[in-house]
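Input: a single structure, listed below in C-alpha cells.
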Amino acid sequence: MSRIAYVNGRYLPHALAMVHVEDRGYQFADGVYEVCEVREGRLVDERRHLERLKRSLAEIRIAPPMSPAALGVVMRETLRRNRLRDGLLYLQITRGVARREHAFPPSATKPSLVVTVRASDRAKLDTLAATGIAVVTAKDNRWERVDIKTVGLLPNVLARQNARERGAREAWFVDAGGLVTEGTSSNAWIVTQAGAIVTRPATLGMLKGITRAVVLEVAARQGLSIEERPFSVAEAFKAREAFLTAATQIVMPVIEIDGHKIADGRPGPVARALRRDFHRHAEIS
Ligand code: PDD
C-alpha cells in the first residue's frame, strides 16, 4: 500500500507530496513541528503535543491554520489512510508561501500544514533498548529559543552526524558550564549512585519534552526520588544509569558516554521499569 501525506488540504501519494520552493519553511526554517508516537493505530499524548504546538506557533507568531480539534481529525485521517499501526506522525506548520523577504509576509499568507506518518518496528526498538546505546557530547551551539520546536535544526543535524561518525546514536549538547542541556532530538537523564533520577529543569535552554513530562509522572508513581536540576558530563560518567527520552525512543538506556562505560555498561533497572510502565501513564487516544 502506498503512503499518503496530507499537504495543505489534500491527501496525496507520498511521492507527489510537495510544498512550493518559496515556502518559508524551506527558505528560512520559518516553521514549527511535532512528532507523535503512534501505537496500535492510536496517537500517544496528542493533547500535550497539540498544546506544545500551539505554544510554539504563538512564540513565533504564526496563526494556527485550524483548531486543535480539526488538526486531530486530519491527523487521524492520515493514520487511517496509511493504515498505520505502530510508528510516528510528523506534523509541520510554516509561515506559508511568499516572495522571499525576511520580514513576515502579507497577513493574508496562509500557513502551510503538512502531516506525514511512517511505520516503525517496535520489536527492533525494544531490542535496542535491551542493549542500550552510546552517546557522545557536543558543544551546545544553538540559539537561545530551543524551547520552541522549530524546524531550524542545523546544529542538531551536524551534532547527530558527528555522533554517528563516532559510533554513537545520539549527541548530548553541553553548555558553557559543562552541564548537559539535552540530546539532538531527546531529553537527557541520569540516575545517581543514591538512586535519584536527575533531569535538567525544562526552563533552562531545552525543549520541554512530552515524553519527559510523562516519565516524571511515572517516576513519581514508582516512588522514585526526582531531582530536577542540571547535571554535568563528569557527574554522568559516575552515574548508576543514564537514559534519554523522546516520542521516537520512549525511554532509551544510555550505556556509554564519550567512550566511558556507565556503571557496568548495561541498561539499568530504573530505565527498564520506566520504559515498561510508560504507556500505562501516557494518554492514548
Ligand atoms: N524530537 N529535545 C529535542 C531537541 C527534541 O527534538 C525532542 C524531540 C525532545 C523530546 O521531546 P518529546 O519527548 O516531546 O519527543 C527533546 C523529535 C522526536 C524529533 O525531532 O524527531
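The values are calculated or read from the model by the stated rules, or taken from the named source; none is laboratory data. Please read all numbers here as calculations on a predicted model, not as lab measurements. With ideal geometry, Cβ positions are generated from the backbone for all residues, glycine too; neighbour counts draw on all protein chains shown.
Checking each residue of region 203-217 against the condition of being within 11 Å of the ligand (Cβ to nearest atom) and in a strand (DSSP E or B) gives no match. Just one of (1) of a type in the set (S, T, N, Q); (2) out of contact with any Asp or Glu (no Cβ under 6 Å at 6 or more places or on another chain); (3) touching a residue at least 12 places away in the same chain (Cβ under 8 Å) fails for THR127. It is (3).
Among the residues of region 86-96, is any in contact (Cβ under 8 Å) with a residue 12 or more places away in the chain, touching a Lys or Arg at 6+ places or on another chain (Cβ under 7 Å), of a type in the set (Asp, Glu) and loosely packed, with under 15 Cβ neighbours inside 10 Å? Talk me through it step by step, then tell me what you get.
Restricting attention to region 86-96, the residues satisfying the condition of being in contact (Cβ under 8 Å) with a residue 12 or more places away in the chain are 86-96.
Restricting the remaining residues to those that are touching a Lys or Arg at 6+ places or on another chain (Cβ under 7 Å) gives 86-88, 94-96.
Okay, now just the ones that are also of a type in the set (Asp, Glu), so 86.
If we keep only those that are loosely packed, with under 15 Cβ neighbours inside 10 Å as well, we get none.
For region 86-96, residues in contact (Cβ under 8 Å) with a residue 12 or more places away in the chain, touching a Lys or Arg at 6+ places or on another chain (Cβ under 7 Å), of a type in the set (Asp, Glu) and loosely packed, with under 15 Cβ neighbours inside 10 Å: absent.
Screening region 1-99 for helices (runs of 4 or more DSSP H) wholly inside it with 2 or more residues that are at pLDDT 95 or above and outside the structural domain of VAL115 (by TED's automatic domain parsing) returns no ranges. Please go through region 1-22 and give me each residue that is touching a residue at least 12 places away in the same chain (Cβ under 8 Å) and either crowded, with 21+ Cβ neighbours inside 10 Å or among the β-branched types (Val, Ile, Thr) (or both), ordered by number. Selection gives ILE4, ALA5, VAL7, VAL19.
Only one of THR127, THR116 is of a type outside the set (D, E, K, R) and out of contact with any strand residue (DSSP E or B) (no Cβ under 7 Å at 6 or more places or on another chain). Can you tell me which? First the steps, then the outcome.
Numbers: THR116 fails: out of contact with any strand residue (DSSP E or B) (no Cβ under 7 Å at 6 or more places or on another chain).
Only one candidate qualifies: THR127.
What is the residue count in region 107-157 for residues that are of a type in the set (Lys, Arg), in a loop (DSSP other than H, G, I, E, B) and over 25 Å from LYS208 (Cβ atoms)? The total comes to 1. Screening the candidates THR248, THR181 for the property of being within 12 Å of the ligand (Cβ to nearest atom), not in a strand (DSSP E or B) and not assigned by TED's automatic domain parsing to the domain that holds VAL35 yields one hit, THR248. Among the residues of region 259-271, those that are assigned to a loop (DSSP other than H, G, I, E, B) and either in contact with a helix residue (DSSP H, G or I) (Cβ under 6 Å, 6 or more places away or on another chain) or surrounded by 15 or more Cβ atoms within 10 Å (Cβ to Cβ) (or both) comprise ILE262, ALA263, PRO267, GLY268.
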